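Undergrad: Please find one structure pasted underneath; my questions will follow.
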Amino acid sequence: MFTMETSWQVPDPDEPLWEVQALLKPFSKGLSPGNRIGVAVGSRGLAHGASLVKEVCQYLNELGVQVVLIPAMGSHGGATAQGQATVLAEYGITSENCGALLEPSMNTILVGESHLGTSVYWSSVAAQLDGVLVVNRIKPHTDFKGMVGSGLMKMLVVGLGKREGASAFHRSSLEHGYETILRAHAAKILETMPVLGGIAVIENARHDTESVHPVKAEELLEQEACLFQRAKALMPTLPFDDIDLLIVDRMGKNLSGSGMDPNIIGRGVHGYSTHFAEQPQHPRIKRIMVRELSPESHGNAIGIGMADFTTSRLVRSMDHATTFVNAVTAMTLNGAKVPIHFEKDVDVIRWALSSLTQNVSKEARILRIRDTLNLDVMEGSVPLLQEAKTHAGLKLLEEPFPMRFDADGNCLPLRLPMHSSGPGGET
C-alpha cells in the first residue's frame, strides 16, 4: 500500500468565511422586536456549522427577536424529539450556546395538498412562528439526480416535515419523481408557511466552507438551482475509475444521509449490481467493505446495505430500530440489509478479495478512504501506484508498504494531513 493526498486548494484560515450582518440583512428589514424567529438546523455535520448557527442566533437576538432553534432532520435521531436535540448538541448547537429556545417537537400540521394532489406536512412549532430561516449545505442528493439536490428546499420539505412529512415526501416521490415532489412541496410551504428564506452553505472538495449565501423565500426555488450547479462542480470524486476493493473506514448519518454517499461510490440506495456489463457506471467498484459506524450516528447504520462486506463490530454497533425507521421512512429498504461480516479487518479483506471472479490477491486495485465525505487522504495498493503518479490531483505522501494491522488484525489509522478537521469540525 502507499499513501496519497488530494491536491485541492486549502482555504486561507485567515480569510473570513462569512459576515453575519450581510447574511441577515435581506431578512432583517421585516423583523420587529418581540418576533419569534426559528432557525432550522439539520443533522449533517457542516464545517464551522456550530459557529455559523451561533452567530446567526446572536445577531437575531441583537435585533430584539426571540430565537427558536428547530431540529430539521425528518426522522433522524430515532424520530424522537430528544434524539434530534441530542444530534444538535453533539455539533455544539444548544440552547445555552446559541442563546435561543430549543423546540425539538416532532408534531406536524397538514399544510394542504400540492398541485399534484400530494399531502404536505410541516413542523407545528415552525408554523406558529413569525418567521423561519433554514441553514443547510447545498450538494447533490444521495437518492436522485437532477437540477437540485440536498439543500434549502429539502430542509423545508423533509427536515421540517419531521417524520410524517419525510414519509409523505418519499412515498410521493416514488410515483412522481424526487425533484418533482421536492419542488411541488417546497412551493406549497413557501406559499403558506412563514418562511423568510435560508442560509445556503457551499463546501469545497476538502469539506470546508467555500461560500455562504443568503436566499430570500421568494427567490429560493430559482436561486437554489444556481447554487446547486456550483456545489456540484466542487464535489470530490474518487481518483480511480476501476477499483477491485474499496475500503471505507467509517460510515454514518453525520457523513451522508445514506451513510455512504452514492455520488462517490457509484451505488444507489435502492439496490446495485456488480455486473458492469449490465450496469455500466463510474466508478466501477467490484467490492466495498465498510469498517466502522460513526458514534454520531447513534446506531443508525442506514446505507450499510450498499457494502458487500463489513465487520462484526459494526453490526454490533447498529441500533436496528433506528436504522429500520430511517429505511422505511426513506423507502430505501435495501440500505438496511446487513452484508457478510467477520470479526477482524484482515479476515474481511481476505474474504472480499477471494469473492472476486479472478485471482487478484496480489494484483488487486485496492483503495482505502476515511469516509465518503473526506477524500483528502487515501491509501492505495501498488497496482494503483503508476496511475497515481501521473494523476494531476494527487500527491504521494508515502512509498509502498505492507498493509498495516494492529495486534487484533484490524487496520491501523490512516495518516491524516495537518489541515484536516473532520466533519463538522473547526479548522
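Laboratory data are not the source of any read-out in this text; all were calculated from the coordinates shown. Since the structure is predicted, the reported quantities are computational estimates derived from the model, not experimental observations. FYI the Cβ positions are ideal-geometry reconstructions off the backbone, even for glycines, and counts take in every protein chain you see.
Undergrad: Taking the chain as a Gaussian network, Cα atoms linked when under 10 Å apart, which of L234, L133, L63 shows the biggest mean-square fluctuation?
TA: Fluctuation is largest for L63.
Undergrad: Does anyone have the angle between helix 178-192 and the longest principal axis of the chain? Alpha-carbon axes, 0 to 90°, nearest 10?
TA: Long axis of 178-192 versus the principal axis of the chain: about 20 degrees.
Undergrad: How much length would be gained if the chain were fully extended between E175 and L101, taking 0.36 nm per residue of separation minus their Cα-Cα distance, in nm to one decimal?
TA: 22.8 nm
Undergrad: Report, to the nearest 10°, how far helix 320-329 tilts away from the longest principal axis of the Cα atoms in the chain, using its own Cα long axis and a range of 0 to 90°.
TA: The answer is roughly 60 degrees.
Undergrad: May I ask you to list the trypsin sites (Lys or Arg not before Pro) in the stretch 322-378 that are in a DSSP loop and have at most 13 other Cβ atoms within 10 Å of their Cβ?
TA: Answer in residue order: K337, K362.
Undergrad: Within a 10 angstrom radius of the beta carbon, how do L174, L156 rank from fewest other beta carbons to most?
TA: Taking fewest neighbouring Cβ atoms as first place, the list is L174, L156.
Undergrad: In the stretch 66-212, what % of DSSP beta bridges are antiparallel (nearest 5)?
TA: 55
Undergrad: For the residue pair L333 and K25, what label-to-label distance in nm results when each label sits 7 Å from Cα along the Cα-to-beta-carbon direction?
TA: Here the answer is 5.3 nm between the modelled labels.
Undergrad: List the relative contact order of the stretch 31-234 as a percent without decimals, with contacts defined as Cα pairs under 8 Å and 6+ residues apart.
TA: 22
Undergrad: Provide K162, K216, K29 in ascending order of the number of other Cβ atoms located within 10 Å of each residue's Cβ, fewest first.
TA: Going from sparsest to densest Cβ surroundings: K29, K216, K162.
Undergrad: Write down the percent of antiparallel bridges among all DSSP beta bridges whose residues are both part of the chain, to the nearest 5.
TA: Here the share of antiparallel DSSP bridges comes out near 40 percent.
Undergrad: Could you check what % of the DSSP bridge pairs in the stretch 1-160 are antiparallel, to the nearest 5?
TA: 30
Undergrad: Using only the Cα atoms of the stretch 31-234, build the gyration tensor, take square roots of its eigenvalues as a ≥ b ≥ c, and label the shape rounded, prolate or oblate: rounded if a/c is under 1.5, else prolate if a/b is larger than b/c, else oblate.
TA: Since a/c stays below 1.5, the shape of the stretch 31-234 is classed as rounded.
Undergrad: Sequence-distant or interchain residues sharing an amide H contact under 5 Å with M73, placed H: which?
TA: For M73, the qualifying residues are K162.
Undergrad: Suppose only helical runs count, i.e. DSSP H with n ≥ 4. What mean residue ellipticity at 222 nm does that imply for the chain under -39500 (n - 2.57) per run, divided by all residues and rounded to the nearest 500 deg cm²/dmol?
TA: Helices in the chain give a 222 nm mean residue ellipticity of -8000 deg cm²/dmol.
Undergrad: Taking 0.36 nm per residue of sequence separation and subtracting the Cα-Cα distance, how much length would be gained by fully extending the chain between Q66 and R404, in nm to one decimal?
TA: Difference between extended and current length: 116.3 nm.
Undergrad: Let me ask something else about it. When E90, E191 are ordered from fewest to most other Cβ atoms inside 10 Å of their Cβ, what list results?
TA: E191, E90
Undergrad: Next question, about the same structure. Going by a ≥ b ≥ c, the root eigenvalues of the Cα gyration tensor, does the stretch 1-120 fall in the rounded group (a/c under 1.5), the prolate group (a/b larger than b/c) or the oblate group?
TA: Oblate is the answer for the stretch 1-120, as a/c is 1.5 or above yet b/c matches or exceeds a/b.
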